[in-house]
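Right, one structure below, let's go through it.
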Amino acid sequence: MSQSKKDEQKLLYTSTLCKLDIQQEDRSSHVNNFEKILSMIDQLSEVDTSGVESYRQITIPLSSLRQDDAPTSLPIDTLKQVSPYLCESNNLFEVPIVIDETS
């Protein structure tokens, strides 16, 4: 199998994971861009980071955060009137499926 065919297969696999529909006429351009991105990532792995201190998570002082006040919510009866997704048994909202995993 040729290198360009392997590259196109990588692109198609990645586009499927990302839920992208890449048209046949645009594939060669995208394969070229994809290979440039992968080449840049390879270059980053060659950078000498031996003298760089490892990343430590920066924390925010608690005094700078806003007060966590829970507002009063709407009555359940009002929500039942305006939302078709409110479950009767537990008063939780049922979220409809928005991403179809079958394709």
Within the stretch 9-56, work out how many residues are in contact with a His (Cβ under 9 Å, 6 or more places away or on another chain) and not in a loop (DSSP other than H, G, I, E, B). 2
Only residues in the stretch 16-27 that are closer than 14 Å to I99 by Cβ count as the first member; pair them with residues that are in a loop (DSSP other than H, G, I, E, B) and of a type in the set (V, I, T), Cβ under 9 angstrom, at least 6 apart or cross-chain, and list the lot. K19/I99
Could you tell me whether the stretch 9-26 includes any residue that is in contact with a strand residue (DSSP E or B) (Cβ under 8 Å, 6 or more places away or on another chain), surrounded by 10 or more Cβ atoms within 10 Å (Cβ to Cβ) and among the hydroxyl-bearing types (S, T, Y)? no
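Just to be sure, is S73 exposed (fewer than 10 other Cβ atoms within 10 Å of the Cβ) and in contact with a helix residue (DSSP H, G or I) (Cβ under 9 Å, 6 or more places away or on another chain)? Don't jump to the end; show me each part of the working.
Working: exposed (fewer than 10 other Cβ atoms within 10 Å of the Cβ): yes; in contact with a helix residue (DSSP H, G or I) (Cβ under 9 Å, 6 or more places away or on another chain): yes.
Taking the combined requirement at face value, the residue satisfies it.
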Residue check, V95 against (1) part of a helix (DSSP H, G or I); (2) of a type outside the set (F, W, Y); (3) exposed (fewer than 10 other Cβ atoms within 10 Å of the Cβ), all met but one. Which one? (1)
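The numbers here are math on the coordinates, done by the rules we state, and not lab data. Quick caveat: nothing in here was measured; it's all calculated off a predicted structure. As a convention, Cβ positions derive from the backbone with ideal geometry for all residues, glycine included, and neighbour counts pool all protein chains shown.
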